[in-house]
Amino acid sequence: MTTVRLGLRANAAQFSLLVGVNALVGGMVGLERSVLPLIGKRDFHLSSHAAVLAFVVGFGVAKALANLSAGALSDRIGRKQLLVFGWLLALPVAPLIALAHSWWLIVLANVFLGANQGFAWSMTVVMKIDLAGPARRGLALGLNESAGYLGVAATAFASGALAATFAPRTVVWVSALVIAVIGMLVALIFVRDTALHVAHEQAVAPVDSTARRPVLWTCSQAGLVNNLNDALAWGLVPLYLAAHGESATKIGVVAAVYPAVWGSLQIGTGWLSDSVGRKPLIVLGMLVQGGALALLAAGGGAFAPAVGAALLLGIGTALVYPTLIAAVADAVQPRDRAPAVGVYRFWRDTGFVIGALLAGFAADALGSAAAIWLVAGLTAASGLVVAATRWPASTGLRLRRWESLPTSSWSIRR
């Protein structure tokens with residue numbers, strides 16, 4: 001006889017474990033954010049920005065495709081099994097980076113890393129939504145994304161700081177090996193599947209999603225542009241700052257401030273979206289991101305405006321990131337949640353590919369500052385598209401109905 005209950009408090013132990021797992025998932029990708037573009041320039045003597053950013057393209061393609069397949073596969077083979085598989089894909093990353101004799105092996109390592117992020121991060125997202133139920137969905141996703149991007153920030157800062165003393169490539173591969181082994185063991189031994197929670201929510205709260213397709217499209221384009229500018233921050237900004245004489249330590253600070261602010265604020269923004277709605281936060285966040293990139297370009301590669309831009313970019317992304325996923329989950333039935341989130345995350349992470357190609361070729365042709373200005377304009381335009389989209393007004397009412405259900409209706413016995 002098994003009792004299944006929805007809610008953060010009812011599932012606190014398993015939810016907290018998944019928060020920790022996602023911090024490790026974020027830590028894997030954060031290792032590269034401050035030093036890998038510099039490795040391409042200094043260790044492999046790459047002169048083209050587009051060639052350096054090829055690692056982001058490989059990462060983005062693999063992550064987008066993993067996201068797209070994760071939703072359907074998780075319904076067939078189970079959330080936990082796919083989470084463990086995602087961690088298995090992380091294991092080749094460290095040896096490929098350690099033994100690489102050409103940049104294309106680094107790109108291959110990032111294909112494995114992208115697949116790891118797509119499967120493992122997707123499953124932590126979907127499993128937390130399964131556990132939380134709809135009434136605190138924004139808060140649940142804020143906690144998930146906060147943990148992941150604080151993990152990104154911590155390892156981005158640590159790798160940048162350690163790169164001043166140790167060989168940057170050694171810092172990346174040793175840390176990647178440790179995180180991958182720990183993440184796989186925790187997922188394998190301690191995480192439990194959430195299929196019963198999905199069945200329970202579907203039974204007591206069916207949702208009609210036919211009128212919500214414009215929201216799904218709008219969220220997908222905003223997510224794509226969000227990760228388009230994240231690809232620029234990851235791949236081009238370290239080169240932009242280094243070209244203006246900033247040290248690896250200072251570049252590490254800028255690379256860490258952005259995800260640290262992004263990560264720490266998402267708990268609050270996720271909770272706020274449960275109260276005031278998803279659309280206002282998404283519009284504001286995209287406009288703040290556009291302004292942040294404009295400040296970065298106007299700052300001319302100097303450290304102080306770069307830190308300010310990273311701070312604003314983190315605020316804007318915190319407003320957008322958990323809110324977009326929550327809006328997608330609002331718009332579909334529980335049984336369709338994993339595929340819908342997978343499709344959204346596919347389009348969102350396609351932004352890595354488009355952003356890396358756009359930033360790389362634009363920087364080669366026009367200069368880094370011009371590439372940043374271009375992406376700033378695209379980001380602000382995406383926010384205006386969201387503002388112009390008609391948004392269903394029924395989500396908040398549905399969540400309040402859930403909050404008013406009697407306790408007995410929140411459990412199922414088998």
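Please treat every number below as a calculation from the coordinates, not as lab data. None of the values given here were measured: they were computed from a predicted structure. Using ideal geometry, Cβ is built from the backbone for each residue, glycine included, and neighbour counts are taken over all protein chains shown.
Let me have the 222 nm mean residue ellipticity of the chain computed from DSSP H runs of 4+ only, each contributing -39500 (n - 2.57), with the sum over all residues rounded to the nearest 500.
Values: 18 runs with 328 residues, N = 414.
Estimated from H runs of four or more residues: -27000 deg cm²/dmol.
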Fill in the blank from the handout: In nm², the average projected area of the convex hull spanned by the Cα atoms of the stretch 206-340 is 8.5 nm²
Practice task
Rank-order 141-150, 360-369, 6-15 by packing density, defined as the average count of other C-beta atoms within 10 Å over each peptide's residues, highest first.
Solution key: 141-150, 360-369, 6-15
Exercise for the section: Write down Rg/Rh for the chain, rounded to two decimals, with Rg from the C-alpha atoms and Rh from the Kirkwood relation over Cα pairs. Expected result: 0.97
Practice task
May I ask for the distance between the Cα centers of the stretch 212-231 and the stretch 245-287, given as a whole number of Å?
Solution key: 16 Å
Fill in the blank from the handout: Proximal lysine pairs in the chain, meaning Cα under 25 Å and 8 or more positions apart or interchain, come to 6
Exercise for the section: When a/c is below 1.5 the answer is rounded, else prolate if a/b is larger than b/c, else oblate, so apply that to the stretch 327-386 with a ≥ b ≥ c taken from the square roots of the Cα gyration tensor eigenvalues. Expected result: oblate
Completion exercise
For the chain, longest principal axis from Cα atoms; helix 337-366 axis from its Cα atoms; angle between them, nearest 10 degrees, is 20 degrees
Fill in the blank from the handout: Helix 12-30: inclination vs the chain longest Cα principal axis, degrees, rounded to 10, gives 20 degrees
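With a/c under 1.5 counting as rounded, go ahead and sort the stretch 57-167 into rounded, prolate or oblate using the C-alpha gyration tensor (a ≥ b ≥ c being the square roots of the eigenvalues; past the cut-off, prolate if a/b is larger than b/c, else oblate). If you can, show how the numbers build up before the last one.
Values: a/c = 2.80, a/b = 1.48, b/c = 1.89.
In terms of gyration-tensor shape, oblate.
Please give the peptides 34-40, 117-123 ranked by average Cβ packing (other Cβ atoms within 10 Å per residue), highest first, as a rough proxy for protection. Write down the numbers at each step before the final one.
Numbers: 34-40: 24.4, 117-123: 29.0.
In descending order of packing, they fall as 117-123, 34-40.
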Fill in the blank from the handout: In degrees, nearest 10, the alpha-carbon axis of helix 303-330 is tilted away from the dominant principal axis of the alpha carbons of the chain by 30 degrees
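Can you check what the net charge comes to around residue 175, using other residues whose Cβ is under 12 Å from the Cβ of residue 175 (Lys, Arg +1; Asp, Glu -1)?
Working: positive: 169; negative: 32.
Around residue 175, the charge tally is 0.
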